[in-house]
1. Restricting attention to segment 190-207, which residues are part of a helix (DSSP H, G or I), at pLDDT below 95 and more than 12 Å from N47 (Cβ to Cβ)?
2. Would you mind finding the one in L107, L89 that is crowded, with 19+ Cβ neighbours inside 10 Å and on the phi < 0 side of the Ramachandran plot?
3. Within segment 128-162, take every residue that is farther than 19 Å from L196 by Cβ and in contact with a Ser or Thr (Cβ under 9 Å, 6 or more places away or on another chain) and give me the one that is least open to solvent (accessible area, probe 1.4 Å).
4. Quickly run through segment 47-63 and pick out the residues that are within 14 Å of the chain's Cα centre (by Cα) and either open to solvent by 50 Å² or more (accessible area, probe 1.4 Å) or within 8 Å of the ligand (Cβ to nearest atom) (or both).
5. For segment 26-46, give me the residue count where each residue is open to solvent by 10 Å² or more (accessible area, probe 1.4 Å) and more than 10 Å from the ligand (Cβ to nearest atom).
6. Go through segment 120-158 and give me each residue that's without any contact (Cβ under 8 Å) to a residue 40 or more places away in the chain and of a type in the set (D, E).
7. At pLDDT 90 or above and under 21 Å from F145 (Cα atoms): is that true of E173 in this structure?
8. When you scan segment 64-75, do you find a residue that is among the charged types (D, E, K, R), under 18 Å from the mean Cα position of the chain (by Cα), more than 8 Å from the ligand (Cβ to nearest atom) and under 25 Å from A162 (Cα atoms), even just one?
Amino acid sequence: MACHLFLYRNLVYNLQMETTKKGKLFVITGPSGVGKGTILEKFFHNNNNIIYSISQTTRKPRPGEVHGVNYFFVTKEEFENSIKNDEFLEWAKYSDNYYGTNKKFVLKALNKGADVILEIETQGAQKIMEKFPDCVTIFFTPPNFDELEKRLRGRNTEDEDAIKKRLDKVKEELQLAKNYKYNIENDEIENALTKLQKVYDEEKNEH
Ligand code: 5GP
(Lines give C-alpha, C1' and ligand atoms only; values in the text may rest on other atoms or scores of the structure.)
Protein backbone atom coordinates (compact mmCIF):
# COMPACT_ATOMS: atom_id res chain seq x y z
CA MET A 1 0.00 0.00 0.00
CA ALA A 2 1.23 3.46 -0.77
CA CYS A 3 -0.40 5.02 2.28
CA HIS A 4 2.57 4.77 4.60
CA LEU A 5 2.34 8.36 5.80
CA PHE A 6 -1.21 7.79 6.91
CA LEU A 7 -0.33 4.48 8.50
CA TYR A 8 2.53 6.05 10.40
CA ARG A 9 0.36 8.96 11.54
CA ASN A 10 -2.34 6.50 12.65
CA LEU A 11 0.20 4.47 14.54
CA VAL A 12 1.71 7.39 16.42
CA TYR A 13 -1.68 8.87 17.18
CA ASN A 14 -3.06 5.63 18.52
CA LEU A 15 -0.08 4.49 20.53
CA GLN A 16 -0.04 7.83 22.30
CA MET A 17 -3.66 7.59 23.38
CA GLU A 18 -4.23 7.28 27.09
CA THR A 19 -7.21 5.07 27.62
CA THR A 20 -8.23 1.97 29.48
CA LYS A 21 -10.83 0.94 26.92
CA LYS A 22 -9.55 -1.88 24.71
CA GLY A 23 -9.51 -1.41 20.96
CA LYS A 24 -11.52 -3.52 18.52
CA LEU A 25 -9.88 -6.06 16.27
CA PHE A 26 -11.04 -6.13 12.64
CA VAL A 27 -10.11 -9.05 10.41
CA ILE A 28 -10.32 -8.39 6.71
CA THR A 29 -9.92 -11.14 4.17
CA GLY A 30 -10.94 -12.13 0.68
CA PRO A 31 -9.32 -13.80 -2.31
CA SER A 32 -6.19 -12.54 -3.95
CA GLY A 33 -7.00 -9.82 -6.47
CA VAL A 34 -10.34 -8.88 -4.89
CA GLY A 35 -9.08 -5.33 -4.23
CA LYS A 36 -8.61 -5.36 -0.43
CA GLY A 37 -5.44 -3.29 -0.69
CA THR A 38 -7.02 -0.52 -2.76
CA ILE A 39 -10.10 -0.33 -0.54
CA LEU A 40 -8.04 -0.27 2.64
CA GLU A 41 -5.72 2.41 1.31
CA LYS A 42 -8.73 4.68 0.80
CA PHE A 43 -10.25 3.63 4.11
CA PHE A 44 -7.11 4.58 6.05
CA HIS A 45 -7.02 7.88 4.23
CA ASN A 46 -10.45 8.66 5.72
CA ASN A 47 -9.90 7.14 9.18
CA ASN A 48 -6.86 8.18 11.09
CA ASN A 49 -7.78 6.45 14.33
CA ILE A 50 -7.27 2.86 13.28
CA ILE A 51 -4.05 0.91 12.94
CA TYR A 52 -2.99 -1.37 10.11
CA SER A 53 -0.98 -4.33 11.35
CA ILE A 54 2.06 -4.75 9.11
CA SER A 55 2.76 -8.46 8.61
CA GLN A 56 5.99 -10.32 8.11
CA THR A 57 6.33 -12.28 4.88
CA THR A 58 8.91 -14.34 3.05
CA ARG A 59 7.43 -13.22 -0.30
CA LYS A 60 9.68 -10.98 -2.39
CA PRO A 61 8.59 -7.33 -2.54
CA ARG A 62 6.62 -6.28 -5.61
CA PRO A 63 7.68 -3.14 -7.44
CA GLY A 64 6.78 -0.16 -5.24
CA GLU A 65 6.41 -2.16 -2.03
CA VAL A 66 8.45 -0.88 0.90
CA HIS A 67 9.88 -2.81 3.84
CA GLY A 68 8.16 -1.72 7.04
CA VAL A 69 5.24 -0.17 5.15
CA ASN A 70 3.56 -2.92 3.14
CA TYR A 71 5.26 -5.79 4.91
CA PHE A 72 8.37 -6.67 6.83
CA PHE A 73 10.13 -8.73 4.17
CA VAL A 74 12.17 -11.46 5.83
CA THR A 75 14.00 -14.66 4.93
CA LYS A 76 12.53 -18.10 5.52
CA GLU A 77 15.07 -18.60 8.30
CA GLU A 78 14.10 -15.34 10.02
CA PHE A 79 10.43 -16.25 9.76
CA GLU A 80 10.99 -19.72 11.19
CA ASN A 81 12.90 -18.20 14.08
CA SER A 82 9.99 -15.91 14.80
CA ILE A 83 7.70 -18.96 14.85
CA LYS A 84 10.02 -20.68 17.32
CA ASN A 85 10.13 -17.59 19.51
CA ASP A 86 6.33 -17.41 19.57
CA GLU A 87 6.27 -13.93 18.05
CA PHE A 88 3.14 -14.45 15.94
CA LEU A 89 -0.49 -14.02 16.86
CA GLU A 90 -1.13 -16.20 13.82
CA TRP A 91 0.83 -17.24 10.76
CA ALA A 92 0.12 -19.22 7.62
CA LYS A 93 1.71 -20.57 4.49
CA TYR A 94 0.06 -19.18 1.38
CA SER A 95 1.17 -19.81 -2.21
CA ASP A 96 4.64 -21.04 -1.16
CA ASN A 97 5.33 -18.14 1.20
CA TYR A 98 4.92 -17.52 4.89
CA TYR A 99 2.84 -14.65 6.27
CA GLY A 100 2.46 -13.75 9.96
CA THR A 101 0.99 -11.17 12.32
CA ASN A 102 3.21 -9.73 15.04
CA LYS A 103 1.70 -10.58 18.41
CA LYS A 104 3.35 -7.93 20.57
CA PHE A 105 2.46 -5.09 18.21
CA VAL A 106 -1.23 -5.98 17.94
CA LEU A 107 -1.78 -6.72 21.64
CA LYS A 108 -0.04 -3.51 22.66
CA ALA A 109 -2.16 -1.44 20.30
CA LEU A 110 -5.42 -3.09 21.43
CA ASN A 111 -4.49 -2.65 25.09
CA LYS A 112 -3.88 1.03 24.47
CA GLY A 113 -7.42 1.31 23.13
CA ALA A 114 -6.56 1.48 19.43
CA ASP A 115 -8.59 -0.36 16.82
CA VAL A 116 -6.49 -2.65 14.65
CA ILE A 117 -7.05 -4.05 11.17
CA LEU A 118 -5.51 -7.36 10.16
CA GLU A 119 -5.56 -7.95 6.42
CA ILE A 120 -4.89 -11.69 6.30
CA GLU A 121 -5.83 -14.85 4.41
CA THR A 122 -8.43 -17.38 5.52
CA GLN A 123 -6.32 -19.84 7.56
CA GLY A 124 -4.94 -17.00 9.67
CA ALA A 125 -8.39 -15.44 9.96
CA GLN A 126 -9.73 -18.73 11.32
CA LYS A 127 -7.05 -18.77 14.03
CA ILE A 128 -7.82 -15.17 15.00
CA MET A 129 -11.56 -15.94 15.23
CA GLU A 130 -10.75 -18.74 17.70
CA LYS A 131 -8.45 -16.56 19.82
CA PHE A 132 -10.58 -13.40 19.64
CA PRO A 133 -14.25 -14.42 19.43
CA ASP A 134 -15.25 -10.75 19.59
CA CYS A 135 -13.26 -9.71 16.55
CA VAL A 136 -15.17 -8.19 13.65
CA THR A 137 -14.75 -10.32 10.54
CA ILE A 138 -15.17 -8.96 7.04
CA PHE A 139 -14.84 -10.90 3.80
CA PHE A 140 -14.52 -9.10 0.48
CA THR A 141 -16.01 -10.98 -2.47
CA PRO A 142 -15.51 -10.34 -6.18
CA PRO A 143 -18.56 -9.77 -8.44
CA ASN A 144 -17.65 -13.10 -10.14
CA PHE A 145 -14.73 -15.42 -10.76
CA ASP A 146 -13.92 -14.12 -14.27
CA GLU A 147 -13.68 -10.56 -12.99
CA LEU A 148 -11.31 -11.69 -10.25
CA GLU A 149 -9.08 -13.51 -12.75
CA LYS A 150 -9.05 -10.39 -14.94
CA ARG A 151 -8.02 -8.20 -11.99
CA LEU A 152 -5.35 -10.62 -10.81
CA ARG A 153 -3.82 -10.81 -14.28
CA GLY A 154 -4.30 -7.10 -14.88
CA ARG A 155 -2.23 -6.01 -11.92
CA ASN A 156 0.79 -7.78 -13.46
CA THR A 157 2.47 -8.55 -10.16
CA GLU A 158 2.73 -12.36 -10.32
CA ASP A 159 4.11 -14.78 -12.87
CA GLU A 160 1.82 -17.36 -14.52
CA ASP A 161 2.65 -20.08 -12.02
CA ALA A 162 1.84 -17.83 -9.04
CA ILE A 163 -1.39 -16.64 -10.71
CA LYS A 164 -2.52 -20.25 -11.24
CA LYS A 165 -1.80 -21.12 -7.61
CA ARG A 166 -3.73 -18.08 -6.40
CA LEU A 167 -6.68 -18.84 -8.70
CA ASP A 168 -6.78 -22.43 -7.46
CA LYS A 169 -7.12 -21.11 -3.93
CA VAL A 170 -9.89 -18.66 -4.78
CA LYS A 171 -12.74 -21.18 -5.08
CA GLU A 172 -11.74 -22.77 -1.80
CA GLU A 173 -11.58 -19.35 -0.11
CA LEU A 174 -14.96 -18.20 -1.45
CA GLN A 175 -16.64 -21.17 0.25
CA LEU A 176 -15.55 -19.68 3.58
CA ALA A 177 -17.18 -16.28 3.10
CA LYS A 178 -20.26 -17.46 5.01
CA ASN A 179 -18.20 -17.80 8.21
CA TYR A 180 -17.60 -14.03 8.33
CA LYS A 181 -19.90 -11.55 10.01
CA TYR A 182 -19.90 -9.22 6.99
CA ASN A 183 -19.55 -9.99 3.29
CA ILE A 184 -18.83 -6.97 1.14
CA GLU A 185 -18.91 -7.29 -2.63
CA ASN A 186 -16.27 -5.24 -4.38
CA ASP A 187 -18.22 -4.41 -7.52
CA GLU A 188 -17.03 -0.80 -7.49
CA ILE A 189 -14.34 0.51 -5.15
CA GLU A 190 -16.45 3.43 -3.94
CA ASN A 191 -19.44 1.17 -3.15
CA ALA A 192 -17.26 -1.26 -1.23
CA LEU A 193 -15.60 1.60 0.61
CA THR A 194 -18.96 3.04 1.67
CA LYS A 195 -20.05 -0.36 2.96
CA LEU A 196 -16.81 -0.85 4.88
CA GLN A 197 -17.17 2.58 6.46
CA LYS A 198 -20.74 1.74 7.51
CA VAL A 199 -19.61 -1.51 9.12
CA TYR A 200 -16.80 0.26 10.95
CA ASP A 201 -19.04 3.09 12.20
CA GLU A 202 -21.72 0.65 13.38
CA GLU A 203 -19.23 -1.59 15.14
CA LYS A 204 -17.66 1.43 16.84
CA ASN A 205 -21.02 2.53 18.17
CA GLU A 206 -21.76 -0.92 19.51
CA HIS A 207 -19.52 -0.60 22.56
P1 5GP B 1 -0.01 -10.90 -1.01
O2 5GP B 1 1.15 -11.79 -1.37
O3 5GP B 1 -0.98 -10.77 -2.17
O4 5GP B 1 0.43 -9.59 -0.43
O5 5GP B 1 -0.81 -11.63 0.16
C6 5GP B 1 -1.27 -12.94 -0.01
C7 5GP B 1 -2.31 -13.22 1.05
O8 5GP B 1 -1.69 -13.23 2.34
C9 5GP B 1 -3.40 -12.18 1.11
O10 5GP B 1 -4.65 -12.84 1.23
C11 5GP B 1 -3.08 -11.39 2.37
O12 5GP B 1 -4.26 -10.87 2.97
C13 5GP B 1 -2.49 -12.50 3.23
N14 5GP B 1 -1.69 -12.02 4.37
C15 5GP B 1 -0.98 -10.87 4.48
N16 5GP B 1 -0.41 -10.78 5.69
C17 5GP B 1 -0.80 -11.89 6.37
C18 5GP B 1 -0.55 -12.37 7.71
O19 5GP B 1 0.12 -11.77 8.54
N20 5GP B 1 -1.12 -13.56 8.04
C21 5GP B 1 -1.88 -14.28 7.18
N22 5GP B 1 -2.39 -15.41 7.62
N23 5GP B 1 -2.14 -13.86 5.93
C24 5GP B 1 -1.60 -12.68 5.53
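1. We begin by selecting, within segment 190-207, every residue part of a helix (DSSP H, G or I); these are 190-205.
If we keep only those that are at pLDDT below 95 too, we end up with 204-205.
Selection gives N205 alone.
2. Numbers: L107 fails: crowded, with 19+ Cβ neighbours inside 10 Å.
Checking each option against the conditions leaves just L89.
3. L152
4. Of segment 47-63, the ones within 14 Å of the chain's Cα centre (by Cα) are 50-57.
Hits for segment 47-63 are S53, S55, Q56, T57.
5. Going through segment 26-46 one residue at a time, the tally reaches 6.
6. E130, D146, E147, E158
7. Spelling it out, E173 is indeed at pLDDT 90 or above and under 21 Å from F145 (Cα atoms).
8. yes
The values are calculated or read from the model by the stated rules, or taken from the named source; none is laboratory data. If you're wondering where the values come from, they're calculated on a predicted model, not measured in any experiment. Don't worry about glycine lacking a Cβ; one is built from the backbone with ideal geometry, like all the others, and counts go over all protein chains shown. Quick note on the areas: whole protein, heavy atoms, side chains included, nothing else; ligands and nucleic acids left out. Shrake-Rupley method; radii C 1.70, N 1.55, O 1.52, S 1.80 Å.
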